[in-house]
Structures are given as C-alpha cells and as structure tokens.
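Here the structure comes first, spelled out in structure tokens, and everything after it is commentary.
The values are calculated or read from the model by the stated rules, or taken from the named source; none is laboratory data. Note that this is a predicted model, so its numbers are computed, not measured. Please note: Cβ atoms are built from the backbone with ideal geometry, for glycine as well, and neighbour counts cover all protein chains shown. What goes into the accessible areas is simple: the full protein's heavy atoms, side chains included, and nothing from ligands, DNA or RNA. Shrake-Rupley method; radii C 1.70, N 1.55, O 1.52, S 1.80 Å.
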Amino acid sequence: MAKAKKLPKQVAIINADNCTGCESCLEVCPVDCIYKVPGDSLPTLLHFCEIDVERCVGCEVCVHIPGKESNPYELLVCPWDAIEMIPTIEVGWQVAEKGGPQDYIEENWERLVEPAIRMAELAAAKAK
C-alpha cells in the first residue's frame, strides 16, 4: 500500500486572468504539476496554465527561484505575477474564483474544483 502524500500547508494556484500561458512556471516545477490549458478547449484565443493542486507540494519554486542568503534580490519566475501561494484550507474557493473563465470552471468542475475542495476539507479537519 502506497504511503499518502503529506498535506502541504500551502499550495500554488494560478490566477488565469493574469496568466499568458508563457510556461515559465511549467519549466521549473519539480513535481510536474503545472500544465498548459489547450487553446482549443477555450472559446477565445486565451491561453493559461493550471496547477494540479493534488500534486502540488507547496515548494514555491514556481513563484520564485530560491536564492542565496547573500543575494538580496529575489528571482521571480512568473513575469505576470499570476501565481500565488495560498493556505491549503482556502484552495477550494480560490481555484473556483481564479482558475479560469466561469464557463471553463463550470465545465471542468469535477477535475479542478472538487479535488481542491477535498484538500481544503482535509486541511480544515487537520486544523481542529
């Protein structure tokens, strides 16, 4: 029996309104939980990336590259400031609100939002 993944304290989500689909985050993710939404699944020419929150380990590498303590400058990954680290307990409503156009969210609810809600519920139960 496989050991269950430890629930991270925070996970990354992408605000689809800010994301251009440049794939900068996709290139650095050490657990390959970020992918580009195919353009043909959207009614417009809009492109953006998504994060599989169930696979995210909360490492923050998609937000900023860890620097040396002697280096005062932070190297940000996303040039559009589209990625946020949020507490796992908030992930359900955050994905529903920021994960893409409303029609897209509704059409992909089971794949995007329901897993995020389950994670938030687990985090809430653990906090009690």
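Odds and ends about this structure:
- Top of L75, L46, L26 by mean-square fluctuation, Gaussian network on the chain, Cα under 10 Å: L75
- Once C-alpha pairs closer than 8 Å and six or more residues apart are averaged by separation and normalised to the residue number of the chain, the relative contact order reads 31 percent.
- Comparing E74, E90, E50 in a Gaussian network model of the chain, where Cα atoms under 10 Å apart are tied by springs, the biggest mean-square fluctuation is seen for E74.
- Surface per residue (accessible, 1.4 Å probe) for the chain, Å²: 64
- Net charge of neighbours whose Cβ lies under 13 Å from the Cβ of E23, counting Lys and Arg as +1 and Asp and Glu as -1: -2
- About its Cα centre, the dipole of segment 15-128 is roughly 360 debye, where the only charges are +1 on Lys and Arg Cβ and -1 on Asp and Glu Cβ.
- The convex hull defined by the C-alpha atoms of the chain has an orientation-averaged projected area of 9.4 nm².
- Neighbour-limited loop hits for chymotrypsin sites (Phe, Trp or Tyr not before Pro), segment 46-128 (at most 14 other Cβ within 10 Å; DSSP other than H, G, I, E, B): Y73
- Measuring against 20 Å, Cα to Cα, the residue pairs K98/K128; K9/K36; K9/K128; K6/K98 contain K98/K128; K9/K36; K6/K98 as the ones spanning a longer distance.
- Per atom type, the chain shows carbon and sulfur on 55% of its accessible surface, probed at 1.4 Å.
- Per residue, the chain reaches -8500 deg cm²/dmol at 222 nm when only DSSP H runs of four or more residues are counted, each adding -39500 (n - 2.57).
- Computed over neighbours whose Cβ is under 11 Å from that of E84, the net charge equals -2, Lys and Arg +1, Asp and Glu -1.
- Applying 1/(1 + (r/R0)^6) with R0 = 35 Å to the Cβ-Cβ distance of R55 and L75 gives a FRET efficiency near 0.90.
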